[in-house]
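The values are calculated or read from the model by the stated rules, or taken from the named source; none is laboratory data. All values reported here derive from a predicted model rather than from experimental measurement. Please note: Cβ atoms are built from the backbone with ideal geometry, for glycine as well, and neighbour counts cover all protein chains shown.
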Amino acid sequence: MAIPQTQTAAVLPPTGASPTAHVQISTTHPVPVPQDGDLLIKLEYSGVCHSDVHSIRGETPMLTDVAGHEGVGKVVGVGTGVDEQGWKGKQVGVRWLYSSCLSCEICAVNNTACPNQKNAGANVAGTFQQYIVAPAKHVTKMPSELSPDVAAPLLCAGIAMYSSLMKTKTRPGDWLVLPGAGGGLGHMCIQIAVKKGLKVIAVDSGEAKRKLCLSLGATSFLDYKVDDVEAGVKSLTSGLGAHAVICTANNEPAYTQSMRMLRNLGVLVCVGIPSVPFRLPATPFDMIVKGLTIVGNSAGTAQEMDELLEMAVAGDVKAHIEVFDFNEIDNVLQKLGRSEIDGRAVVKIPE
């Protein structure tokens with residue numbers, strides 16, 4: 001196929017990221033050229049993540065004009081040093097961890113924390129466009145059994161939750177609390193956790209999210225607008241609290257409550273990115289007496305990604321998606337910012 005010089009993309013306005021920024025559809029955005037080691041990918045679908053909202057609003061650093069980091073498409077070109085025959089036509093995914101140096105001391109332990117990493121939609125152009133270049137050694141090879149629309153959310157929401165769950169070091173039968181359980185990340189974590197044998201207490205609000213969480217296997221649902229969540233968690237866990245909390249909600253009350261819901265030796269995994277910075281209420285005394293662990297997570301390793309894809313192919317985890325036309329992307333982002341989307345939003349990239 002002939003590669004055009006320009007493409008359709010959702011771009012920031014010339015004024016850049018700001019609290020009032022809206023993405024605009026451009027039909028004259030340049031198509032990138034693959035460099036040494038790169039693939040040129042024609043994207044078909046992209047998930048839309050709440051962190052895209054943070055980037056576009058300027059709440060987190062954004063050094064590019066195209067957001068997005070859950071893109072699935074097919075390889076249509078390669079740069080020098082790449083075996084064209086081995087890649088052309090393959091379905092691949094581009095995720096948040098666009099690249100890492102793979103040569104520093106941090107990468108030797110876990111390259112998702114590489115200080116030299118690049119992130120799609122943050123410091124390199126993301127997946128809200130028809131064509132994207134990405135390093136061959138960092139893209140994710142997608143199983144042919146997965147349709148691209150359902151596969152897209154696995155590249156951020158799915159892998160973030162899988163990796164976060166691994167960081168809890170929980171065992172079958174343990175209690176896991178999920179603030180924000182009915183959202184794009186939380187609803188996937190329920191499925192993974194249940195498959196791993198955990199008992200999940202879903203925390204969110206509204207009847208639609210209650211039905212979704214319970215249908216996915218949550219042991220219990222607590223509505224933070226109605227229920228006494230802390231009392232509910234203590235009651236369910238014999239008064240001890242949860243073995244782990246993965247907080248996908250992004251506000252200070254949710255994080256403060258997460259700390260109080262942990263039992264001694266419990267683990268808090270911070271995932272939800274705050275719109276306004278705040279500090280966790282963790283005192284040295286509490287940490288010493290309770291033996292708590294607090295970790296953060298934004299992505300997962302290539303091995304964890306492969307393990308998650310195996311679960312998806314087996315039907316053990318599936319994103320609850322709503323697909324939108326690409327022209328609706330700004331409206332989708334605004335709805336996400338107001339927490340008005342259940343599950344995961346996905347946009348169909350123009351052909």
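For the stretch 56-102, filtered to residues that are of a type in the set (S, T, N, Q) and in a loop (DSSP other than H, G, I, E, B), the residue that is nearest to Thr20 (Cα to Cα) is Thr60. Being among the small types (Gly, Ala, Ser), in a loop (DSSP other than H, G, I, E, B), in contact with a helix residue (DSSP H, G or I) (Cβ under 9 Å, 6 or more places away or on another chain) and surrounded by fewer than 24 Cβ atoms within 10 Å (Cβ to Cβ) holds for only one residue in Ala122, Ala181, and it is Ala122. Does Gly121 satisfy the condition of being without any contact (Cβ under 8 Å) to a residue 40 or more places away in the chain and either in the same structural domain as Gly77 (by TED's automatic domain parsing) or not hydroxyl-bearing (Ser, Thr, Tyr) (or both)? Against the criterion (without any contact (Cβ under 8 Å) to a residue 40 or more places away in the chain and either in the same structural domain as Gly77 (by TED's automatic domain parsing) or not hydroxyl-bearing (Ser, Thr, Tyr) (or both)), Gly121 does not qualify. Exactly one residue out of Val346, Val332, Val295 is assigned to a strand (DSSP E or B) and out of contact with any Gly (no Cβ under 8 Å at 6 or more places or on another chain), and it is Val295. For the stretch 30-70, the set of residues classified as in contact with a Pro (Cβ under 9 Å, 6 or more places away or on another chain) and of a type in the set (Gly, Ala, Ser) consists of Gly37, Gly47, Ser55, Gly58, listed by residue number. The listed residues are Asn264, Asn331, and the only one of them that is over 23 Å from Leu146 (Cα atoms), surrounded by fewer than 15 Cβ atoms within 10 Å (Cβ to Cβ) and not assigned by TED's automatic domain parsing to the domain that holds Cys49 turns out to be Asn264. Does Pro32 count as under 21 Å from Tyr98 (Cα atoms) and assigned to a loop (DSSP other than H, G, I, E, B)? Answer is yes for this residue. Scanning the stretch 203-232 for residues that are outside any loop (DSSP other than H, G, I, E, B) and among the charged types (D, E, K, R) gives Asp204, Glu207, Lys209, Arg210, Lys211, Asp223, Glu230. In the stretch 68-115, what count of residues is obtained for those that are surrounded by 19 or more Cβ atoms within 10 Å (Cβ to Cβ), of a type in the set (Val, Ile, Thr) and without any contact (Cβ under 8 Å) to a residue 40 or more places away in the chain? Residues flagged as surrounded by 19 or more Cβ atoms within 10 Å (Cβ to Cβ), of a type in the set (Val, Ile, Thr) and without any contact (Cβ under 8 Å) to a residue 40 or more places away in the chain within the stretch 68-115 amount to 1. Considering the stretch 149-208, and only residues there that are of a type in the set (S, T, N, Q) and touching an Asp or Glu at 6+ places or on another chain (Cβ under 9 Å), the residue that is modelled with the lowest pLDDT turns out to be Ser205. Of all residues in the stretch 55-70, none are closer than 21 Å to Asp306 by Cβ, modelled with pLDDT of 95 or more, assigned by TED's automatic domain parsing to the domain that holds Gly16 and hydrophobic (A, V, I, L, M, F, W, C). Within the stretch 8-41, the set of residues being under 27 Å from Thr80 (Cβ atoms) and of a type outside the set (D, E, K, R) comprises Ala9, His29, Pro30, Val31, Pro32, Val33, Pro34, Gln35, Gly37, Leu39, Leu40, Ile41.
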